[in-house]
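The values are calculated or read from the model by the stated rules, or taken from the named source; none is laboratory data. Since the structure is predicted, the reported quantities are computational estimates derived from the model, not experimental observations. Here the Cβ positions follow ideal geometry from the backbone for every residue, glycine too, while neighbour counts run over all protein chains shown.
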Ligand code: SF4
């Protein structure tokens, strides 16, 4: 879409090229990504990773003031969602209903009910026949939060740059990529306005809408400012990311860009070993895993660097890369995510048994990097985590072989009330949460505090799953 030709009726969202006038330049009043007066752009990092220093991580640059600003809590409203006219998709084959993904794993830890809505309720399963909440859930499932939209725009830009670098061509300019990304985000904002929102409710998945606008009626100033800062900073840092130099040094055949969009691979049930739970042990189909890195390439690691990093010399060093556009996660989560990508690489059949697996987190928001060695122990731990989540999910099914769920009420509401503030399905849980909250107090940080009997707590929630047992390290 040409970012300069938005709907004239919405003159407020007209954009212009951001070239010589400055990448952040835009007309006043641009609601989606207009520069705020006095805003400070994210500084460009001069980040390098000399190979002579092995796999030393690149230190972050400080966040811009826009990213460090306090985030006031904003109340939600219940959006008016049409009760009829939202067409449900056909049921999924069981292997897809049970598929594992990194985001579903987090969802399962935070709130079983969210998994129910995303996977079953939004397809009319586990609800009374004709329940209008099924269609509502299907629509809400397709809302896009602004940070996610920014992340998708940055990932698309990163793919463009990588494709050019792999082909030995000049990547698109920063200004062109920023202009294009802002156009996409403005289009999304425009599509979320009341006069166009009916298109989203009638065909979610075809049309898009912003979660913040649907639930609050508008974007807050800090949300806009943060989106602007993250987008500009990530696109700048992308161009100076050391990984691009490493890719330039590779033969094109050693650089692999998994296809855009969701990618899955399969794990055989027996790959989980004897430690798998009883329900998974009875599962005979391959397990689907939705995961693939943003980039995979063969890293040219010199012998001295391998020795410095404690790695065997003279091997092929496969590296799976994940771009991050949000705030830094914890090391255990990064390691798990990269280890699942290593399973994807393993399943591709490309590496030989002697090859070494490396993982690289490239945090575009602050231009930092972190490296991980993804040995057999890490890959076994990833399999174990997938097995533990699947075992838990199977326990929430009434007919596991057909992936038919237990009723909605059996899926526990969020462990922490704060989770609901950013959940797409908040409109559907309002009454159940109100009932739960009348029996269970809520502390200031959103944690539940028993205010009635333990039985009342158990009736509305379930305990978070214990961490998966880690396999013994070799
Ligand atoms: S609104 Fe809260 S309880 Fe409902 S699905 Fe979302 S996180 Fe779970």
Only one of (1) in a helix (DSSP H, G or I); (2) surrounded by fewer than 21 Cβ atoms within 10 Å (Cβ to Cβ); (3) more than 19 Å from the chain's Cα centre (by Cα) is not met by residue 128, so which one is it?
(1)
Here is a list of conditions, (1) within 28 Å of residue 219 (Cβ to Cβ); (2) within 14 Å of the ligand (Cβ to nearest atom); (3) modelled with pLDDT of 85 or more; (4) assigned to a loop (DSSP other than H, G, I, E, B), and residue 79 meets all of them except one; can you say which number that is?
(3)
State whether the residues of segment 210-226 include one that is more than 21 Å from residue 153 (Cα to Cα) and assigned to a helix (DSSP H, G or I).
yes
Answer yes or no as to whether residue 283 is assigned to a loop (DSSP other than H, G, I, E, B) and buried (at least 17 other Cβ atoms within 10 Å of the Cβ).
yes
Just to verify a result, which residue in segment 346-357, among those that are under 24 Å from residue 309 (Cα atoms) and surrounded by fewer than 23 Cβ atoms within 10 Å (Cβ to Cβ), is nearest to the chain's Cα centre (by Cα)?
346
Give all pairs with beta carbons closer than 7 Å in which a residue from segment 116-137 that is farther than 25 Å from residue 290 by Cα and more than 12 Å from the ligand (Cβ to nearest atom) meets a residue that is at pLDDT below 95 and in a loop (DSSP other than H, G, I, E, B); count only pairs at least 6 apart in sequence or on separate chains.
132/83; 132/84
Of the conditions (1) in a loop (DSSP other than H, G, I, E, B); (2) under 22 Å from the mean Cα position of the chain (by Cα); (3) surrounded by fewer than 17 Cβ atoms within 10 Å (Cβ to Cβ), residue 152 satisfies every one except a single condition; which number is it?
(1)
When residue 142 is evaluated against the numbered criteria (1) surrounded by fewer than 23 Cβ atoms within 10 Å (Cβ to Cβ); (2) assigned to a helix (DSSP H, G or I), which criterion, by number, is the only one it fails?
(2)
Please work out which one of (1) closer than 13 Å to residue 297 by Cβ; (2) in contact with a helix residue (DSSP H, G or I) (Cβ under 6 Å, 6 or more places away or on another chain); (3) part of a helix (DSSP H, G or I) is the condition residue 320 fails and give its number.
(3)
Does residue 435 satisfy the criteria of being over 20 Å from residue 290 (Cβ atoms) and within 16 Å of the ligand (Cβ to nearest atom)?
yes
Unmet requirement for residue 334, which otherwise passes all of (1) under 23 Å from the mean Cα position of the chain (by Cα); (2) at pLDDT 95 or above; (3) within 16 Å of the ligand (Cβ to nearest atom); (4) surrounded by fewer than 21 Cβ atoms within 10 Å (Cβ to Cβ)
(3)
Among the residues of segment 292-305, what is the count of those that are at pLDDT 90 or above, more than 30 Å from residue 145 (Cβ to Cβ) and surrounded by 16 or more Cβ atoms within 10 Å (Cβ to Cβ)?
4
Kindly establish whether residue 321 is under 23 Å from the mean Cα position of the chain (by Cα) and modelled with pLDDT of 95 or more.
yes
State yes or no: is residue 90 farther than 30 Å from residue 382 by Cα, crowded, with 18+ Cβ neighbours inside 10 Å and more than 12 Å from the ligand (Cβ to nearest atom)?
no
Of the residues that make up segment 308-316, is at least one touching a residue at least 60 places away in the same chain (Cβ under 8 Å), farther than 23 Å from residue 251 by Cβ and surrounded by 22 or more Cβ atoms within 10 Å (Cβ to Cβ)?
no
Looking at segment 286-317, which of its residues are within 30 Å of residue 393 (Cα to Cα) and assigned to a loop (DSSP other than H, G, I, E, B)?
286, 291, 292, 293, 294
Identify all residues within segment 377-424 that are away from the ligand (no atom under 16 Å from the Cβ), in contact with a strand residue (DSSP E or B) (Cβ under 9 Å, 6 or more places away or on another chain) and either within 30 Å of residue 319 (Cα to Cα) or assigned to a helix (DSSP H, G or I) (or both); write none if there are none.
378, 379, 383, 385, 386, 387, 389, 390
Which ones in segment 229-253 are in contact with a helix residue (DSSP H, G or I) (Cβ under 7 Å, 6 or more places away or on another chain) and under 27 Å from residue 145 (Cβ atoms)?
229, 230, 231, 232, 234, 235, 236, 238, 239
Of (1) under 30 Å from residue 112 (Cα atoms); (2) crowded, with 21+ Cβ neighbours inside 10 Å; (3) over 18 Å from the mean Cα position of the chain (by Cα), residue 400 satisfies every one except (2)
Can we say residue 170 is without any contact (Cβ under 8 Å) to a residue 24 or more places away in the chain and within 21 Å of residue 246 (Cβ to Cβ)?
yes
Residue 464 is checked against (1) over 22 Å from residue 142 (Cα atoms); (2) modelled with pLDDT of 90 or more; (3) within 16 Å of the ligand (Cβ to nearest atom); (4) surrounded by 14 or more Cβ atoms within 10 Å (Cβ to Cβ) and fails just one. What number does that condition carry?
(2)
